[in-house]
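Step one of this worksheet: look at the structure below.
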Amino acid sequence: MTLKEANKKLEELDNEYNYYLKEKEKLLSLILPKSTDIRFERVDGGKREDRLAKYVELEDEKKLNATLDYIQKRKENLINWIDRELEILGKYGETEQVIIQLKENTMIEDSKTKKMRPLMWEEIAQKSGYNKDHCRKIYRLYKKKRDIY
């Protein structure tokens, strides 16, 4: 596998993760506060349906949480592989420098507010050519912090 293929695979995993996250959000709409309003609920034969039980049943059927965890672990594994591969190629330092430079020293004008702001992770990923999660990890390791968003 090449670095280009690994980055492509990482983007595919991001897309798949977002898909399953949207599916979970659709299921959550069954039990959100707006869904407990029974005035507009149609029932057959005077029998009401327990929405929470239906949510749990559908979530178990689709196994969304397990799928999301699995995809996240695959992404982490791929990011670690890319890091090791960059270290082998001797390009890790260059990549780290580019990401740190973009994060700390690059400011752009916001199109809506017309004020200067730092780059978002998506923009850094686009400019560096790596996935946003990979860029976050490199920056987090540089700063020696746990979570940076």
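The values are calculated or read from the model by the stated rules, or taken from the named source; none is laboratory data. From a predicted model like this one, the values you see are computed outputs, not experimental measurements. So basically every Cβ, Gly included, is an ideal-geometry build from the backbone, and we count neighbours across all protein chains shown. Note: accessible area is taken over every heavy atom of the protein model, side chains too, but ligands, DNA and RNA are not part of it. Shrake-Rupley method; radii C 1.70, N 1.55, O 1.52, S 1.80 Å.
If you go through the stretch 90-103, how many residues are in contact (Cβ under 8 Å) with a residue 12 or more places away in the chain and open to solvent by 30 Å² or more (accessible area, probe 1.4 Å)? Walk me through how you get there before you give the answer.
Within the stretch 90-103, the first condition is being in contact (Cβ under 8 Å) with a residue 12 or more places away in the chain, and the residues that meet it are 95-96, 98-100, 102-103.
Going one step further and asking which of them are open to solvent by 30 Å² or more (accessible area, probe 1.4 Å), we end up with 96, 98, 103.
The total comes to 3.
Give all pairs with beta carbons closer than 9 Å in which a residue from the stretch 1-24 that is under 12 Å from Q72 (Cα atoms) meets a residue that is assigned to a helix (DSSP H, G or I) and of a type in the set (D, E); count only pairs at least 6 apart in sequence or on separate chains.
L10/D133; D14/D133
I want to confirm something. Restricting to the stretch 112-133 and keeping residues that are among the charged types (D, E, K, R) and over 24 Å from Q72 (Cβ atoms), which single residue is most open to solvent (accessible area, probe 1.4 Å)?
Among them, the one singled out is K112.
All but one of (1) assigned to a helix (DSSP H, G or I); (2) farther than 13 Å from L3 by Cβ hold for K112; which doesn't?
(1)
May I ask you to verify whether L30 is modelled with pLDDT under 85 and more than 24 Å from D133 (Cα to Cα)?
yes
Which of (1) part of a helix (DSSP H, G or I); (2) surrounded by 12 or more Cβ atoms within 10 Å (Cβ to Cβ); (3) modelled with pLDDT of 85 or more does N77 not meet, given it meets every other one?
Result: N77 fails condition (2) only.
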